[in-house]
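Asker: First, the structure itself, so that you have it in front of you.
The values are calculated or read from the model by the stated rules, or taken from the named source; none is laboratory data. Being a predicted model, the structure only gives us computed values, none of them experimental. All Cβ positions, glycine included, derive from the backbone under ideal geometry; neighbour counts span all protein chains shown.
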Amino acid sequence: METNQVFSMPRIGDKAPSFKAVTTQGEINFPEDYAGKWAILFSHPADFTPVCTSEFMTFASMNKEFEALNTQLVGLSVDGLYSHIAWLRTIKDKIEYKGMKNVEVTFPLIEDITMEIANMYGMMQPGESNTKAVRAVFFIDPKGIVRAMIYYPLSLGRNFDELKRVIIGLQTADNFSVALPADWRPGDDVIVPTAGSCGTAKDRMEGKEEGVKCYDWFFCTKEISKEKVEAALGKKQ
């Protein structure tokens, strides 16, 4: 049956839509159950598919790295719970890929056979598929606010180095009240806020503000060491 119902995805800065769901790790109340933590809510098109299998093995293998960043992974597809359980068991018992084997997925995977949550979060993209969620990723902060989102088509697996970089970058921007330039990594210079007064801007341009380098009045950077950035990551806010 065709429907004219239109769903809009959450926008950056919005409160993450709340829902209760059955998962492979029991029932959850999202995002309330993860208050005080960052969360990555991500969708995949279907269980027992190759691209999704490669992604789940990678997510599971990196789970401790995300936990160290005070970040909870939460997966979703429009498959049922028993399909999820069987697929994750197959991954653990049978699949070896790129040196990963005996991989156990311990983060929750949501059952969404009604597509209610997928529609709520704009994970259903009719131009791509009416029956499968695209590879959406939502980064949600400890206050339950959507801070970033990335969408991939069905045919393209995600870049997990970038997913981790986004979490690290968001935490760094919050912890130090700075912005981050293109391709930023911990240890690279960060961008300081634009000077709030003519005097401060002049001091910066003349190199009088210690530790600040200006390329022009609107573009100034400073160094924050990799060690200082890493020491602040994962701290509860």
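Asker: When the residues of segment 211-237 are narrowed to those that are under 22 Å from the mean Cα position of the chain (by Cα) and not basic (Lys, Arg), which ends up modelled with the lowest pLDDT?
Answerer: Step by step, filter segment 211-237, then rank; the result is GLN237.
Asker: Additional query: Go through ALA46, ALA35, ALA60, ALA68 for me and flag whichever is in contact with a Cys (Cβ under 7 Å, 6 or more places away or on another chain) and among the small types (Gly, Ala, Ser).
Answerer: ALA46
Asker: Could you list, in sequence order, all residues of segment 93-108 that are in a loop (DSSP other than H, G, I, E, B) and over 18 Å from the mean Cα position of the chain (by Cα)?
Answerer: Those that are in a loop (DSSP other than H, G, I, E, B) and over 18 Å from the mean Cα position of the chain (by Cα): ILE95, GLU96, LYS98, GLY99, LYS101, ASN102, VAL103, GLU104.
Asker: Among the basic types (Lys, Arg) and within 20 Å of LYS226 (Cβ to Cβ): which single residue out of ARG165, ARG158 fits that description?
Answerer: Just one listed residue meets the conditions, ARG165.
Asker: For GLN25, all conditions in the list (1) surrounded by 11 or more Cβ atoms within 10 Å (Cβ to Cβ); (2) under 19 Å from the mean Cα position of the chain (by Cα); (3) of a type outside the set (Phe, Trp, Tyr) hold save one; what is the number of the exception?
Answerer: (2)
Asker: Restricting attention to strands (runs of 3 or more DSSP E) lying wholly within segment 1-83, give those where 3 or more residues are of a type in the set (Lys, Arg), over 18 Å from VAL105 (Cβ atoms) and modelled with pLDDT of 95 or more.
Answerer: none
Asker: When you look at PHE66, is it within 15 Å of ALA16 (Cα to Cα), among the aromatic types (Phe, Trp, Tyr), in contact with a strand residue (DSSP E or B) (Cβ under 9 Å, 6 or more places away or on another chain) and buried (at least 17 other Cβ atoms within 10 Å of the Cβ), yes or no?
Answerer: No, not satisfied.
Matching residues to (1) more than 20 Å from the chain's Cα centre (by Cα); (2) of a type in the set (S, T, N, Q):
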{"residue": "ALA21", "(1), (2)": "no, no"}
{"residue": "PRO50", "(1), (2)": "yes, no"}
{"residue": "PHE56", "(1), (2)": "no, no"}
{"residue": "SER77", "(1), (2)": "no, yes"}
{"residue": "SER83", "(1), (2)": "yes, yes"}
{"residue": "ILE91", "(1), (2)": "yes, no"}
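Asker: Of these, ASP79, ASP33, which one is without any contact (Cβ under 8 Å) to a residue 12 or more places away in the chain and surrounded by 14 or more Cβ atoms within 10 Å (Cβ to Cβ)?
Answerer: Checking each option against the conditions leaves just ASP33.
Asker: List the pairs whose first member sits in segment 146-161 and is without any contact (Cβ under 8 Å) to a residue 60 or more places away in the chain, whose second member is outside any loop (DSSP other than H, G, I, E, B) and of a type outside the set (S, T, N, Q), and whose Cβ atoms are under 6 Å apart, counting only residues at least 6 apart or on separate chains?
Answerer: ILE150/VAL137; TYR151/ALA136; TYR152/ARG135
Asker: Just a yes or no: is a residue in segment 83-90 touching a residue at least 24 places away in the same chain (Cβ under 8 Å), of a type in the set (Val, Ile, Thr) and closer than 24 Å to ASP14 by Cβ?
Answerer: no
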